[in-house]
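Here is the structure we will look at, set down as structure tokens.
Bear in mind these aren't lab numbers, they're just calculated from the coordinates by the rules spelled out. These figures come from a predicted structure and were not determined experimentally. All Cβ positions, even for glycine, are placed from backbone atoms using ideal geometry, and neighbour counts span all protein chains on display.
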Amino acid sequence: MILVLNNAVDGGYMADEIVHFLPDARAYDYPHEDGDPSLENVDGVVIGGSEVGVYDEPDQPWITAQKRFARRLVEEGVPTLGVCFGHQILNAALGGEVADSGTSRLRLYDADLDADEPLFDGVEPTVPVLHSDVVTELGDGMEVIGRADYYEYFATRHRDRPVWSVQYHPEFTPRIADEYDGWEAADGSFEDSTATRTLANFADLVESSESKR
């Protein structure tokens with residue numbers, strides 16, 4: 001089973017969409033539950049998006065707890081995928097830095113994704129982004145596997161653990177675009193995007209990792 005951490009404080013942020021695109025997955029409402037979820041029968045974890053920033057720890061104490069949980073996932077080698085906020089908190093949990101870029105981006109964007117990375121198998125470079133925060137310094141053990149012209153650390157993976165992270169939202173599709181004010185639909189066509197393949201590829205990587213245990 002794949003566990004999806006829903007990090008929305010006031011609702012939204014697509015955790016249910018991530019579950020929709022993954023086989024045998026369930027969501028855990030991290031900001032509102034009491035403590036970390038159990039990892040019993042959990043084969044992999046997706047850390048989802050949020051409307052708050054990693055640097056909002058004083059007002060959102062659950063972020064400190066989730067950083068500890070993220071480090072545990074890395075240390076124990078649990079296959080993990082961070083999405084948007086999840087990308088940022090994984091790097092921050094490992095000693096990296098995150099900052100507000102000052103520019104909010106809600107559009108399809110062309111990225112340079114490493115062709116040899118299994119997470120991106122069949123993923124076209126046109127991907128949906130909804131963020132202003134960015135990773136400005138990589139976490140320990142993390143390396144770049146995707147770039148954008150405005151963002152050096154657009155996607156990362158851990159050198160020694162089955163841990164990946166992407167700034168884009170692979171779960172964002174036309175069926176929910178109208179729910180997000182400011183989405184710039186004219187900037188590209190979803191016909192050019194296969195971003196949801198990222199989640200299918202992660203599920204395959206989880207299965208592969210499980211078979212090796």
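Things worth noting here:
- Protection proxy ranking of 46-57, 94-105, 117-128 - average other beta-carbon atoms within 10 Å, highest first: 46-57, 117-128, 94-105
- With helices as the sole contributors, the chain gives -7000 deg cm²/dmol at 222 nm; each DSSP H run of n ≥ 4 counts as -39500 (n - 2.57), and the sum is divided by every residue.
- Gyration tensor verdict on region 86-178 (Cα atoms; rounded if a/c is under 1.5, prolate if a/b is larger than b/c, oblate otherwise): oblate
- Extended-chain gain in nm, criterion 0.36 nm per residue less alpha-carbon gap, Thr103 and Thr64: 11.5 nm
- Under Karplus coefficients 6.51, -1.76 and 1.60, residue-wise ³J(HN,Hα) of region 110-124 in Hz, glycine/proline x: 8, 10, 9, 9, 4, 5, 8, 8, x, 4, 9, 4, x, 8, 6
- Cα gyration tensor shape for region 1-137, rounded if a/c is under 1.5, else prolate or oblate: rounded
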